[in-house]
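As structure tokens, the structure follows; a few thoughts come after it.
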Amino acid sequence: MNKFKELVNYCLNCPVKPCTKGCPLKNDIPNFIKLAKEENFLKAFSVLSETTVLSSICGRICPFERQCEGNCVRRLKGEPVQIGYIESVIGDRAIKDNYPLFDTMEEFKGKTVAVVGAGPAGLTCASFLKKLGYNVTIYEKYDYVGGIISHGIPDFRLDKKICDQTFKRILDLGIEVKFNKELGVDISLKELKKNYDAVFLGFGANKSKIPNIKGKNLCNVYGANEFLESKQKLDLNGKNVIVVGGGDTAMDMARVAKHWGANVLVVYRGDEKRMKASNCEIVNAKNENIEILFNTNVKQIIQNKDVYKAYLMTNDGYKFIYPCDYVFFAIGAKTDEKITKKLGIKLDMDGYIKTDKRQMTSISGVFAGGDLIKEKNTVAYASVSGRNAAYNIDNYLKKFDKKSN
Ligand SMILES: Cc1cc2nc3c(=O)[nH]c(=O)nc-3n(C[C@H](O)[C@H](O)[C@H](O)COP(=O)(O)OP(=O)(O)OC[C@H]3O[C@@H](n4cnc5c(N)ncnc54)[C@H](O)[C@@H]3O)c2cc1C
Ligand code: SF4
């Protein structure tokens, strides 16, 4: 705990809260750190729970250098306050000592809301709706909750026991989950509209973008997003694997392949400064002897019996061949058009669900959030969009009541 004391005492409790400005969820960082300095963990957690239900998770995997810690004034002359770590310690303490997730819960308002998808957007929306006094039912396509937290981010990067405990506390608020229910397959939006007072769509956008090149449909060529989501295991011992991309998904895919025994080459079209992955993930990948080839693209993949070859080209036109066994594309993700096109909701040009300022879709009473509406692809951004949608749904249902009276 002495190390923790040192860490919290390093915070200057700046009154203008630059760190909070950098936090997508707008967590009151100076305030919860001040309470942690006073060893009042119960109150520190209560400050956090005003804005988030995922502190133990965000405290571990947010890209801090681009968010809160990137804005910390301590950075001007040295290292920032370790805000993420402090948040995770408080969140873990709340789990261990069973602090209530929310200080107060409003009385049941007599209305029900359906939430589609149990990722960070859906779980956060459901939690805040429950706090606001609504009955919430989540429809989830798999038999577990968490979305990409559970089926994307590898176990070696995020302790899944902490995640399960976090999710249990959320569901213990009294949120029902209907598992193995896929919108567009097992249930329709029409049914949800009919049976609930409002609907929140938070079913993510986890279909890999694949470049239109020769060889993209070969057997050993995968989209990294679907591959990780499928929880499939491959024997990659001694195999040559190419991972294309420079974001968190690329780093995770590369490290998963490395942990399975592969020789991994990451191919990225830009230079290191342009990589979207968190700095620590790039460092971790390099420390695991994953080679990264910058300013290079895969132009085609050829298969001859069991032998695969990738044709690579640098940005200045130098071409070469790399023998490989598997190729994983991690160059971005999009929505599942098979589902979104069925919904009868307006989509933008890239296939994301269009929403207005209140996060309402083109169908009245149907809201959306998270990756599905092109948020900034982080857990914190998905979560804040779920939380804001809960307040927007509350306002909508209250206005709706007034109109019908
Ligand atoms: C490999 C990888 C690593 C990442 N690493 C980080 C990181 O370190 N830090 C960070 O902040 N962000 C990270 N991200 C991004 C982050 O995980 C996402 O931005 C975030 O999970 C999006 O949340 P969401 O709730 O919108 O969608 P998701 O997390 O995708 O959740 C959607 C949920 O909806 C369910 N679903 C899908 N379709 C249907 C349907 N038709 N009917 C019912 N349910 C459905 C899914 O099963 C899932 O549970 C990573 C992403 C990936 C792919
Ligand atoms: S900016 Fe840094 S030092 Fe200032 S309150 Fe926030 S965490 Fe503390």
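For the stretch 196-238, a tally of residues being out of contact with any helix residue (DSSP H, G or I) (no Cβ under 8 Å at 6 or more places or on another chain), of a type in the set (D, E, K, R) and assigned to a loop (DSSP other than H, G, I, E, B) returns 5. Against the test of being closer than 30 Å to Asn220 by Cβ and of a type outside the set (A, V, I, L, M, F, W, C), the options Tyr396, Tyr326, Tyr391 yield a single qualifying residue, Tyr326. The strands (runs of 3 or more DSSP E) found wholly in the stretch 296-391 and carrying at least 1 residues that are within 16 Å of ligand 1 (Cβ to nearest atom) and either modelled with pLDDT of 95 or more or of a type outside the set (Gly, Ala, Ser) (or both) occupy 326-329, 366-368. The condition (being modelled with pLDDT of 95 or more, among the basic types (Lys, Arg) and either in the same structural domain as Lys233 (by TED's automatic domain parsing) or more than 8 Å from ligand 1 (Cβ to nearest atom) (or both)) is satisfied by just one residue among Lys77, Lys141, Lys130: Lys130.
Counting only residues that are in contact (Cβ under 8 Å) with a residue 24 or more places away in the chain and loosely packed, with under 13 Cβ neighbours inside 10 Å, the stretch 289-304 holds 2 of them. Scanning the stretch 275-287 turns up no residue that is modelled with pLDDT of 95 or more, open to solvent by 10 Å² or more (accessible area, probe 1.4 Å) and farther than 30 Å from Cys68 by Cα. Taking the stretch 163-195 as the range and being open to solvent by less than 80 Å² (accessible area, probe 1.4 Å) and assigned to a helix (DSSP H, G or I) as the test, the residues that pass are Cys163, Gln165, Thr166, Phe167, Arg169, Ile170, Leu171, Leu189, Leu192. Screening the candidates Leu183, Leu173 for the property of being away from ligand 1 (no atom under 11 Å from the Cβ), in contact (Cβ under 8 Å) with a residue 40 or more places away in the chain, of a type in the set (A, V, I, L, M) and touching a Phe, Trp or Tyr at 6+ places or on another chain (Cβ under 8 Å) yields one hit, Leu173.
Close Cβ contacts (under 6 Å, 6 or more residues apart or on different chains) running from residues in the stretch 146-162 that are in the same structural domain as Thr378 (by TED's automatic domain parsing) to residues that are of a type in the set (Lys, Arg) comprise Leu158/Arg60. Of the residues making up the stretch 223-240, those that are within 14 Å of ligand 1 (Cβ to nearest atom), within 18 Å of Gly261 (Cα to Cα) and open to solvent by less than 50 Å² (accessible area, probe 1.4 Å) are Ala224, Phe227, Leu228. Any idea which residue in the stretch 1-21 is nearest to ligand 1 (Cβ to nearest atom), counting only those that are assigned to a helix (DSSP H, G or I) and open to solvent by 70 Å² or more (accessible area, probe 1.4 Å)? Residue satisfying both the conditions and the ranking: Lys21.
From the set of residues in the stretch 97-148 that are surrounded by fewer than 23 Cβ atoms within 10 Å (Cβ to Cβ) and among the basic types (Lys, Arg), which is farthest from the chain's Cα centre (by Cα)? The residue in question is Lys109.
The values are calculated or read from the model by the stated rules, or taken from the named source; none is laboratory data. Keep in mind that this is a model prediction, so the values were computed, not measured. Glycine gets a Cβ as well: all are built from the backbone with ideal geometry, and neighbour counts include every protein chain shown. Please note that ligands, DNA and RNA were not included when accessible areas were found on the heavy atoms of the full protein model with its side chains. Shrake-Rupley method; radii C 1.70, N 1.55, O 1.52, S 1.80 Å.
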